[in-house]
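The values are calculated or read from the model by the stated rules, or taken from the named source; none is laboratory data. These figures come from a predicted structure and were not determined experimentally. A quick note on method: Cβ atoms are made from the backbone with ideal geometry, for glycine too, and the neighbour counts reach across all protein chains shown.
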Number of protein chains: 2
Amino acid sequence: MDAELRLSPLEFTSTTDRVCTELRRLIVTGTLAPGQALNEKSVAQQLGVSRSPVREAFQRLVTERLLLAERNKSVTVKEFTDADIQEIYDARIAIETHAARRIIDAGAAAVTRTTERLESALTELRTQLDEGDRLAVARADLAFHQALVECGGNSRLVAAYELLSAETVTCMAWLENVKPSGDELMQDHRDFVDALQTHDPDQITSVISAHLSLAESNLAASTPAERASRQSAVVPQR
Amino acid sequence: MDAELRLSPLEFTSTTDRVCTELRRLIVTGTLAPGQALNEKSVAQQLGVSRSPVREAFQRLVTERLLLAERNKSVTVKEFTDADIQEIYDARIAIETHAARRIIDAGAAAVTRTTERLESALTELRTQLDEGDRLAVARADLAFHQALVECGGNSRLVAAYELLSAETVTCMAWLENVKPSGDELMQDHRDFVDALQTHDPDQITSVISAHLSLAESNLAASTPAERASRQSAVVPQR
DNA sequence: ATGTTACATGTTGTCGACAATCATGTTGCA
DNA sequence: TGCAACATGATTGTCGACAACATGTAACAT
């Protein structure tokens, strides 16, 4: 009967999921300004859905720390202080160093496998650097680090790290990051990979700490990016 | 005028918050069985609220990994496998060791302050041990570790650790934990505090790893707790 | 007896509406 | 002119209703 036409897996995604994804995108790309209040009705109308899924998406994004909720007040896009940036990078150090140690503990094969993934992430980073899109570079950078954490094999730490990644990108989107040159950035990540291959936990730990501390100070030293251009496209309705 | 009756700070908590708190309590105490399906209407009726706040609470608890959601299916209470337990304790090691290192980095004053908090947590643990309530002991144990993480000063890691704590308690509530004797447990935590006072990062790191690895194997070796008694009090409506 | 179809029931996903709360601007009065 | 009280409008919190979906049961055909 149905021998020939083998159909696709066919995947549905809930409305809440899509709202969530879209809002997350708008936040991490900086399209929605920090501190920006999000009107439920307005967001719902512009996305063409009702308020229920929007509210549920808000709930999720609040626990993801991208939105801030206060009773009887509109949720607002989270604003990041210097202290936040410090915390984010500190937490990233905690998770990355742990992942690296676990990978080394797991033996040479695990290190090799990780190295391959990191190399491929590096290639992507180089591509994006040549491309020139600031945010795409930031995402490729983060993808590199995320690959390391994933190789650590702890899904809970991966989840925690994803939240930190989203926060990091959000910060970068709103601060004119005093980025090192592309070559410097690449070299810095190469050192990272090399350190992993020494199989020395303390070595890789100090390299990670140094790498992230540097990135943190680069970010903290940045100035707020003016962007009257892409003014919040999802709220003005007043 | 209003000199005499000075009123309270007066705090309101949203319905969603209360639903969330109540469900969390039922889950971590094991009143709700792992795998148990939660009917929205039934839960709403029994809590005396409508489905909206219940659904929003579900959203939060899903991101807290206490509930599991599937499209067009009832959310279910998360079930934990041995792999989960392994992950949870591994993640706890990552966060606790990092916190300890940061506390030591912060200097002698920070270590002293931390020690005081840990001592007070130990006193509470002793009290609960004498009391004899298994779950209360587990909570006191977790409170000790949580105090350490809080002293680390990174609110994001504290938040991540709270999720892990809740998962840990849930596991303990459902497994007949082969607990060491009260004295052993106390001594183990005392060693923990002593290690911190050496101000040696590697020392405290290995003690934490050993402590949590031991706790993990105790938990993993446990047998599922039969509890026909306190059968799920919030769902039967059929 | 077995497998399939159609139906019946219950549950989730989504929506619009109402009540409670908050923000704002205006009026009244000292 | 300044402050307080009020009126007004908008926004959130909560609710009940309906549609879409999934599951279990009965009828039917092979």
Residue in segment B:173-180 that is within 14 Å of chain A (Cβ to nearest Cβ) and either modelled with pLDDT of 95 or more or over 28 Å from B:Ala110 (Cβ atoms) (or both) present = no
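Per-residue answers, yes or no, for (1) without any contact (Cβ under 8 Å) to a residue 60 or more places away in the chain; (2) of a type in the set (S, T, N, Q); (3) within 16 Å of DNA strand D (Cβ to nearest atom); (4) within 30 Å of B:Glu216 (Cβ to Cβ):
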position: B:Gly48; (1), (2), (3), (4): yes, no, yes, no
position: B:Arg51; (1), (2), (3), (4): yes, no, yes, no
position: B:Arg65; (1), (2), (3), (4): no, no, no, yes
position: B:Leu68; (1), (2), (3), (4): yes, no, yes, yes
position: B:Asn72; (1), (2), (3), (4): yes, yes, yes, no
position: B:Val75; (1), (2), (3), (4): yes, no, yes, yes
position: B:Ile88; (1), (2), (3), (4): no, no, no, yes
position: B:Ala91; (1), (2), (3), (4): no, no, no, yes
Please tell me if A:Ala166 is surrounded by fewer than 20 Cβ atoms within 10 Å (Cβ to Cβ), under 15 Å from the mean Cα position of the chain (by Cα) and assigned to a helix (DSSP H, G or I).
-> yes
Could you figure out which of (1) within 14 Å of chain A (Cβ to nearest Cβ); (2) closer than 27 Å to A:Glu96 by Cβ isn't true of B:Thr170?
-> (2)
Meets criteria (buried (at least 17 other Cβ atoms within 10 Å of the Cβ), near DNA strand D (Cβ under 8 Å from one of its atoms) and in contact (Cβ under 8 Å) with a residue 12 or more places away in the chain) for A:Arg55 = yes
Name the residues in segment B:63-88 that are on the phi < 0 side of the Ramachandran plot and in contact with a Lys or Arg (Cβ under 8 Å, 6 or more places away or on another chain), would you?
-> B:Thr63, B:Glu64, B:Leu66, B:Leu67, B:Leu68, B:Lys78, B:Glu87, B:Ile88
Any chance B:Ala106 is within 14 Å of DNA strand C (Cβ to nearest atom) and out of contact with any His (no Cβ under 6 Å at 6 or more places or on another chain) | no
Enumerate the pairs (first residue in segment A:193-215 and of a type in the set (Phe, Trp, Tyr); second residue anywhere and surrounded by 14 or more Cβ atoms within 10 Å (Cβ to Cβ)) with beta-carbon separation below 6 Å, excluding pairs fewer than 6 apart on the same chain, so at least 6 apart or on different chains.
-> none
Quickly run through segment B:42-68 and pick out the residues that are more than 19 Å from B:Thr31 (Cα to Cα) and within 11 Å of DNA strand C (Cβ to nearest atom).
-> B:Ser50, B:Arg51, B:Ser52, B:Arg55, B:Glu56, B:Gln59
Pairs under 8 Å by beta carbon, first residue in the same structural domain as B:His189 (by TED's automatic domain parsing) and under 23 Å from B:Glu176 (Cβ atoms) in segment B:125-153, partner in a helix (DSSP H, G or I) and basic (Lys, Arg), six or more apart or different chains?
-> B:Gln128/B:Arg139; B:His145/B:Arg92
Can you tell me which residue within segment A:24-61, out of those that are hydrophobic (A, V, I, L, M, F, W, C) and within 14 Å of another protein chain (Cβ to nearest Cβ), is nearest to the chain's Cα centre (by Cα)?
-> A:Leu61
Could you please let me know if A:Lys41 is outside any loop (DSSP other than H, G, I, E, B), within 11 Å of DNA strand D (Cβ to nearest atom) and surrounded by fewer than 13 Cβ atoms within 10 Å (Cβ to Cβ)?
-> yes
